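Okay, so here's the structure we're looking at.
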Amino acid sequence: MNHSAIGSLIHFVLSNFSTILFIAALLCAALERPRPSADRTLSWLLLLPIGVGGLWSAFFHLAYPEMAARFIGWANSPFQFDVGMADLAFGVAGCAAFRASFGFRAAVALVNAIFLLGDAVGHVRQMITAGNFAPGNAGPVFYLDIVLPVLTIALLLVSQSTRAEAPLD
């Protein structure tokens with residue numbers, strides 16, 4: 001593999017890290033067998049795309065705000081720090097929720113769903129009002145801002161109904 005191919009691969013992974021974490025979470029859940037499927041899938045989604053993904057996003061918003069803003073199609077601003085701190089909070093909470101009680105996982109999933117669905121609304125507004133179709137605004141990040149919270153809420157509901165029949169905590 002030559003240097004340009006390696007550089008292209010690194011760029012692809014960094015640009016699609018959230019999607020890679022989402023797919024990895026689904027694969028990990030499929031390979032783990034001791035718990036009901038909804039429960040283990042929820043845990044892996046909390047750990048990887050929400051937890052690790054939040055830490056990853058926080059790192060870029062806090063350490064490389066210009067790069068993060070450019071990826072989203074924004075101008076850099078002091079709000080990068082605020083976004084980075086919110087991402088850090090979700091990242092830490094998502095990692096902590098991986099093996100936590102159902103109530104803790106539910107709280108993290110619900111709060112994160114509100115945040116991500118709000119992000120999705122912001123992305124749509126940017127697409128419509130500013131014509132912002134940058135990869136970090138209209139690409140995989142946008143779709144995950146919808147798919148991830150919808151899936152985690154659905155998994156919470158399925159997992160809760162399973163608990164009502166046979167409590168696991």
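Each value in this text was obtained by applying a stated rule to the coordinates, not by laboratory testing. Keep in mind it's a predicted model, so treat the numbers as computed, not measured. Neighbour counts are summed over all protein chains in view; Cβ atoms, including those assigned to glycine, are modelled from backbone coordinates with ideal geometry.
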Legend entry - Sites SER4 and LEU55 - FRET efficiency at Förster radius 45 Å, r taken between beta-carbons, to 0.05: 0.95
Inset, instruction - Report the full-extension gain for the segment VAL124 to ALA107: residue separation times 0.36 nm, less the Cα-Cα distance, to one decimal in nm. - result: 3.5 nm
Legend entry - Shape call, region 1-69: gyration tensor on alpha carbons, a/c limit 1.5: oblate
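Return the loop-located trypsin sites (Lys or Arg not before Pro) in region 78-169 (DSSP other than H, G, I, E, B) with at most 16 other Cβ atoms within 10 Å of their own Cβ; answer none if there are none. Display every interim value, and only then the final one.
Values: sites: ARG99, ARG105, ARG125, ARG163; in loops: ARG99.
For trypsin sites (Lys or Arg not before Pro) across region 78-169 that sit outside H, G, I, E and B with at most 16 neighbouring Cβ atoms in 10 Å, the list reads ARG99.
Report, in debye and to the nearest 20, how large the dipole of the chain comes out about its Cα centre when Lys and Arg carry +1 and Asp and Glu carry -1 on their Cβ. Don't skip to the answer; put the middle values down first.
Details: 8 positive and 9 negative charges, 48 e Å.
Magnitude of the dipole: close to 240 debye.
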Legend entry - the chain: most fluctuating residue of GLY131, GLY139, GLY73 per GNM, C-alpha cutoff 10 Å: GLY131
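Where Lys and Arg each count +1 and Asp and Glu each count -1, what net charge lies around GLY54 among other residues with Cβ under 13 Å from its Cβ?
-3
Percent relative contact order of region 3-165, based on C-alpha pairs within less than 8 angstrom and at least six residues apart?
Working: 193 pairs, mean separation 40.6, N = 163.
Relative contact order here is 25 percent.
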Inset, instruction - Given the peptides 142-153, 29-40, 13-24, arrange them by the average over their residues of other C-beta atoms within 10 Å, most packed first. - result: 142-153, 13-24, 29-40
Legend entry - Descending principal axes extents, region 96-135, alpha-carbon based, whole Å: 43, 16, 8
Inset, instruction - Please say if region 1-130 is rounded, prolate or oblate, where rounded means a/c under 1.5 for a ≥ b ≥ c the square roots of the C-alpha gyration tensor eigenvalues, and otherwise the choice is prolate for a/b larger than b/c and oblate otherwise? - result: oblate
Inset, instruction - Going by C-beta contacts inside 10 Å, put PHE79, PHE98 in order with the fewest on the left. - result: PHE79, PHE98
